[in-house]
2 protein chains.
Amino acid sequence: MTTSVSTERSTDPSATDLVSALTRLFAAGQAATDAPTLATHSHDDAEWAAYEPPIAVVFAESTGDVVTAVRFAADRGIRVVPRGAGTGLSGGANSVANCIVVSLERMSAILEVDTDERLAVAQAGVINDTLRAEVAKSGLWYPPDPASSAISSIGGNAATNAGGICCVKYGVTRDYVLGLTVVLADASVVRLGHRTAKGVTGYDLTGLMVGSEGTLGIITEVTVRLLPLAGREERAVIGYFPSLVAAGDAVAAVSRAGIVPAALELIDSTCIAAVEAWQGLGLPDGVDPAQVNTLLLAKVDERGEAGDESADEIAAIFAAAGGSRVERATEKADVDRLFLTRRLAYPALERLGPVLTEDICVPRGQVPEMLARIQASAASHDVVIANIAHAGDGNLHPLIIAPEDDPAAKERARIAFEEIIANCLALGGTVSGEHGVGLLKLPGAATELGPRVVDLHRSIKAALDPAGTLNPGKAFPAAPLTRT
Amino acid sequence: MTTSVSTERSTDPSATDLVSALTRLFAAGQAATDAPTLATHSHDDAEWAAYEPPIAVVFAESTGDVVTAVRFAADRGIRVVPRGAGTGLSGGANSVANCIVVSLERMSAILEVDTDERLAVAQAGVINDTLRAEVAKSGLWYPPDPASSAISSIGGNAATNAGGICCVKYGVTRDYVLGLTVVLADASVVRLGHRTAKGVTGYDLTGLMVGSEGTLGIITEVTVRLLPLAGREERAVIGYFPSLVAAGDAVAAVSRAGIVPAALELIDSTCIAAVEAWQGLGLPDGVDPAQVNTLLLAKVDERGEAGDESADEIAAIFAAAGGSRVERATEKADVDRLFLTRRLAYPALERLGPVLTEDICVPRGQVPEMLARIQASAASHDVVIANIAHAGDGNLHPLIIAPEDDPAAKERARIAFEEIIANCLALGGTVSGEHGVGLLKLPGAATELGPRVVDLHRSIKAALDPAGTLNPGKAFPAAPLTRT
């Protein structure tokens, strides 16, 4: 019961005839075959993940368009790779040879915002921040906030079960998906889930689709649960620590104190230095970059005195753990200023070269040890690895500078990458906290899941997509992968 | 790709030899075949759901015991019905002819409480309240609180994705299950999920198992996420309303105001009258039962002034919606006193006859309309139907008095039951908010899910349990059911 992921070129009818036949099914401009469009839609934002250009890109404007494309492909044994905004970091949207990429980017309508039921229905291509802004007009809040929120789509967020900064208190995308409209591998359309606050009728197929990276179905509409926008007051607490260990101790102490912050982010010395070297404004007056090894940035969002108390407690814990300076803010502008280093870290790192964004998650208590092992890998293999982390979740993003034009350096980076995954697993972690398995984490996933659980994945894939039409080779280890 | 649910008696070897062979695999007292044990372990707490006695009950004391029982059964084409505490309300644990019931009740060890990671690992048979009490010693809180929390087990809670009173703010069992140990239909053992705060490696098989009612695997251990016990302060607000519509308006207004209470329960006049007739202490001094049609009981649990503000807002909304009297409490004894009618409602109703506990969930805004339709069904079919509801979730529990010794009355009750399900679906609801499909909701689930989604269930069942060994005929509509 294995799924074929063959990407052999279909030769009958000829590729040209095939593309012509596909194009005739859609309105002008909806099925693109020009090389630039194929190139820009052949991969996501993951470094290192293999891809090949598709034979065509279909820009779906409706669920019906997706049905048409999937039926066309299924009838001819062609693979379909669904694509949201292409901002993934694991290669999950990467095209395989001779496939059709179905882009959901034009399905960008917010279909409904229901204030009383606190839900919204959005087409898959709606950008995360767009949805958040729209529901805010009705006094509602969509919490999941991946770093890509300005550019990533709700459909992609659901397909990868995206996380974000607020997860430590508010959970991940899956916790906000009530229902889905999905085009299955046989081109049938199903509505999964419910519009009610609760519901346990049948298997949790909504949850199964969320995070399945388009391998079990193509999500075209998402019904999301919302929270009230009111009732939160953000306060920021930032601590400057002399060592990773001190910062890690502070993270553990916050958890142990029974505080659930709305964010608890860590930024290491490499990131701080990169930001300082670039813009020189990541640190406030009076803080000597040379004395700062690690930053912790916390937010709490309870209203009133409860929020003050939580912020006080966190500030006291930061100080007790060796925070050399602890700052607080309640005004939005000040909160944003304190989080500036966090926002600048990634672009600052990218100035140093292509960044492979790792995404491991370890038990909270193992954050200092994991960071120490990452530093050791960087040192022993002569690789630049910076760290930003959703520390409150144990979700670390080692940022590996992965030079393209220096094969020796790239090889050293690859070895460090594998070492990080092995160390994560040794510490009881998971190889993907929020980015998904895609292509990059297939070997790590094989180790983590083990053969029997991998076999369960294969069985479910075979049950829902027996011909292996949808996004072959992604999300779980199966047959050998296409490599460029 | 359908799953056999045949329950034909296995004739080779003879039933007696079979039971002897099974018994020899276990220690004394672990495999019971006496009639009283078979009888007490042949059904759950659902009225009306069919069952037949099993050929044996295996009291598993370890995951290995479950493996032994499942392997024995799978090798011989015998069905296995897993059973937690037997407190289900949909017939999900009901025995079928010639099956082996595997009871998890002796697997009652709490294996681990990890304060720093805020998680616990419990064997499936641990009682919900026992787990809650144990983790409280470490300053931690397990939120899911089904009404059966004193008698239901964590394994059963996970298998049915149990809800409870606090769901309106804190979610359901699925939101707290990080990982599972599961015995699959081929007697292999898998560990699903993770111990980290986040994790998206592979399909969400943990979520697929949760709520699958033992049809895809037998849960033997559950790893649960916990919250800090500290930081909450409970306040109760109770309102006495002259009509269901007024109470329903208050529920909608609370939601619209952006308040997320920690509980929002509704009790109708039939329940109030039953409690008054029984104990006469459900209502405070000065409230005339004849003037009270509906009670709303709210809890808020924010700390400090934020909690006061929320309670003030709810009290004001209750008054504005026509609450004839609104009471508040902050002391635990007073909070408990205000919730007394809620706790007494079910036993008070049971004094009137066997109670079929319905479990529909409608959009919040449809609560008054649904309650009105339930009252109309009760009136037109001359059936006593009381209502308790997790109103903040739209999750209603019509309590249908279902006489066993009056066939005409039972038939009228059955018609009312079906009408309620049809009305729930017509109003955009789901046939099970938290109890599960079991046997009782199979027809409703068929209507709600539709043939293609039912077929997805069958495909997944066939992929994971091709011989149909585990809990045949439950959780989703498949082949015709065994009827007693």
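The values are calculated or read from the model by the stated rules, or taken from the named source; none is laboratory data. This structure is a prediction, so every number in the text was calculated from the model and none was measured. Counting neighbours? That spans all protein chains shown, and the Cβs are built from the backbone with ideal geometry, glycine included. Side chains are part of the model used for accessible areas, which takes the heavy atoms of the whole protein and leaves out ligands, DNA and RNA. Shrake-Rupley method; radii C 1.70, N 1.55, O 1.52, S 1.80 Å.
Quick check: is even one residue across segment B:267-283 open to solvent by less than 10 Å² (accessible area, probe 1.4 Å) and closer than 17 Å to B:Val168 by Cα? Within segment B:267-283, one or more residues are open to solvent by less than 10 Å² (accessible area, probe 1.4 Å) and closer than 17 Å to B:Val168 by Cα.
Scanning segment B:235-254 for residues that are within 14 Å of chain A (Cβ to nearest Cβ) and either of a type in the set (Val, Ile, Thr) or open to solvent by 10 Å² or more (accessible area, probe 1.4 Å) (or both) yields B:Arg235, B:Asp249, B:Val251, B:Ala252, B:Ala253, B:Val254.
Restricting attention to segment A:460-475, and to residues there that are facing chain B (nearest Cβ under 8 Å) and either modelled with pLDDT under 95 or buried (at least 19 other Cβ atoms within 10 Å of the Cβ) (or both), which single residue is nearest to A:Val431 (Cα to Cα)?
A:Ala475
For segment A:122-177, a tally of residues being assigned to a loop (DSSP other than H, G, I, E, B) and of a type in the set (Ser, Thr, Tyr) returns 5.
Among residues of segment B:412-444 being among the small types (Gly, Ala, Ser) and out of contact with any His (no Cβ under 9 Å at 6 or more places or on another chain), the one that is farthest from B:Phe476 (Cα to Cα) is B:Ala426.
For segment B:171-193, the candidate set comprises residues that are hydrophobic (A, V, I, L, M, F, W, C) and under 11 Å from B:Asp204 (Cα atoms); within that set, the residue that is nearest to the other protein chains (Cβ to nearest Cβ) is B:Leu192. Once segment B:306-338 is narrowed to residues that are touching a residue at least 12 places away in the same chain (Cβ under 8 Å) and part of a loop (DSSP other than H, G, I, E, B), the residue that is farthest from the other protein chains (Cβ to nearest Cβ) is B:Ser324. Annotation note: of A:Arg118, A:Arg83, the sole residue that is of a type in the set (D, E, K, R) and under 18 Å from A:Ala56 (Cα atoms) is A:Arg83.
With respect to B:Ala252, is the statement that it is touching a residue at least 40 places away in the same chain (Cβ under 8 Å), out of contact with any strand residue (DSSP E or B) (no Cβ under 9 Å at 6 or more places or on another chain), assigned by TED's automatic domain parsing to the domain that holds B:Leu371 and in a helix (DSSP H, G or I) true? Against the criterion (touching a residue at least 40 places away in the same chain (Cβ under 8 Å), out of contact with any strand residue (DSSP E or B) (no Cβ under 9 Å at 6 or more places or on another chain), assigned by TED's automatic domain parsing to the domain that holds B:Leu371 and in a helix (DSSP H, G or I)), B:Ala252 qualifies.
Listed here are the residues, each with its yes/no results for (1) more than 27 Å from A:Pro466 (Cα to Cα); (2) touching a helix residue (DSSP H, G or I) at 6+ places or on another chain (Cβ under 9 Å).
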{"site": "A:Val67", "(1), (2)": "no, no"}
{"site": "A:Phe72", "(1), (2)": "no, yes"}
{"site": "A:Val101", "(1), (2)": "no, yes"}
{"site": "A:Thr115", "(1), (2)": "yes, yes"}
{"site": "A:Ile127", "(1), (2)": "yes, yes"}
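Number of residues in segment A:412-447 that are at the interface with chain B (Cβ under 9 Å from one of its Cβ atoms) and among the aliphatic types (A, V, I, L, M): the value is 3.
Just one of (1) in a helix (DSSP H, G or I); (2) crowded, with 20+ Cβ neighbours inside 10 Å; (3) within 14 Å of another protein chain (Cβ to nearest Cβ); (4) modelled with pLDDT of 95 or more fails for A:Leu396. It is (1).
Residue-by-condition table, conditions (1) more than 24 Å from B:Leu89 (Cβ to Cβ); (2) not in a helix (DSSP H, G or I):
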position	(1), (2)
B:Thr447	no, no
B:Gly450	yes, no
B:Val454	no, no
B:Ala462	yes, no
B:Gly473	no, yes
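Residues in segment A:25-72 that are surrounded by 20 or more Cβ atoms within 10 Å (Cβ to Cβ), over 18 Å from A:Ser90 (Cα atoms) and small (Gly, Ala, Ser): A:Ala31, A:Ala32, A:Ala56, A:Ala60, A:Ala69.
The single condition among (1) in a strand (DSSP E or B); (2) open to solvent by 10 Å² or more (accessible area, probe 1.4 Å); (3) of a type in the set (A, V, I, L, M, F, W, C); (4) under 26 Å from A:Val200 (Cα atoms) that B:Val101 does not meet is (2).
Name the residues in segment B:373-384 that are under 29 Å from B:Val260 (Cβ atoms) and either surrounded by fewer than 24 Cβ atoms within 10 Å (Cβ to Cβ) or of a type in the set (Asp, Glu) (or both), would you? Of everything in segment B:373-384, those that are under 29 Å from B:Val260 (Cβ atoms) and either surrounded by fewer than 24 Cβ atoms within 10 Å (Cβ to Cβ) or of a type in the set (Asp, Glu) (or both) turn out to be B:Arg373, B:Gln375. Residues that are more than 14 Å from chain A (Cβ to nearest Cβ), touching a Lys or Arg at 6+ places or on another chain (Cβ under 9 Å) and not basic (Lys, Arg) do not occur anywhere in segment B:361-376. Kindly check whether there is at least one residue in segment B:408-422 that is open to solvent by less than 10 Å² (accessible area, probe 1.4 Å) and under 22 Å from B:Gly163 (Cα atoms). Yes: one or more hits. Of the residues making up segment B:207-234, those that are among the charged types (D, E, K, R), open to solvent by 20 Å² or more (accessible area, probe 1.4 Å) and at pLDDT 95 or above are B:Glu221, B:Arg225.
Given the residues B:Ala252, B:Ala262, B:Ala316, which is the only one that is at pLDDT 95 or above and under 28 Å from the mean Cα position of the chain (by Cα)?
B:Ala262
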